[in-house]
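The values are calculated or read from the model by the stated rules, or taken from the named source; none is laboratory data. All figures in this text were calculated on a predicted structure; none of them were measured in a lab. Cβ sites come from the backbone with ideal geometry, for glycine too, and all protein chains shown count toward neighbours.
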């Protein structure tokens, strides 16, 4: 058992088809996220779908597979949201690297713990992106205060995350 399935199935029975299913689901979730933001006219109240999906993937796969998923989902988010390519990719990869060493300590998530993790990593990812934009582009100017905007988006993401995890677990179980 040294083929490509070995690395994808080793930690928790995760297979290549599960990875492809989650990346495809991530594509449609991020596409739906961008359409929802266009429909309501504001990104403040749109839940972040990529961060809970990355946390779900990190809990079940090896590091290189999680980084690959973060890279692909970050690319989808950068393309659909029209931002500079690589900012969201880098943010998701940093989140993956930060969360990965702690994944074995979180063998069972209560909904409250999951909501806290998603809130923390969504808020942290937003601030990483903001710092990158300020350093590289010098935008937004000194009068921009993102605190409330990031808190509302992260809070909505944290409330939605347990339901997303339940659906993802059911999808993976049915695919097997």
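Brief remarks follow.
- Single match in 114, 73, 104, 90 (criterion: at pLDDT below 70 and closer than 21 Å to residue 55 by Cβ): 104
- Residues of the stretch 72-106 that turn out to be surrounded by 17 or more Cβ atoms within 10 Å (Cβ to Cβ) and without any contact (Cβ under 8 Å) to a residue 12 or more places away in the chain, as a count: 1
- Test for residue 112: is it closer than 17 Å to residue 157 by Cα and without any contact (Cβ under 8 Å) to a residue 60 or more places away in the chain: yes
- Residue within the stretch 159-173 that is surrounded by 15 or more Cβ atoms within 10 Å (Cβ to Cβ), modelled with pLDDT under 80 and closer than 24 Å to residue 28 by Cβ present: yes
- Qualifying residues in the stretch 118-155 (those that are out of contact with any helix residue (DSSP H, G or I) (no Cβ under 9 Å at 6 or more places or on another chain) and either part of a helix (DSSP H, G or I) or under 26 Å from residue 102 (Cβ atoms) (or both)) - the one modelled with the lowest pLDDT: 147
- When residues in the stretch 39-71 are screened for being in a helix (DSSP H, G or I) and buried (at least 17 other Cβ atoms within 10 Å of the Cβ), 15 of them pass.
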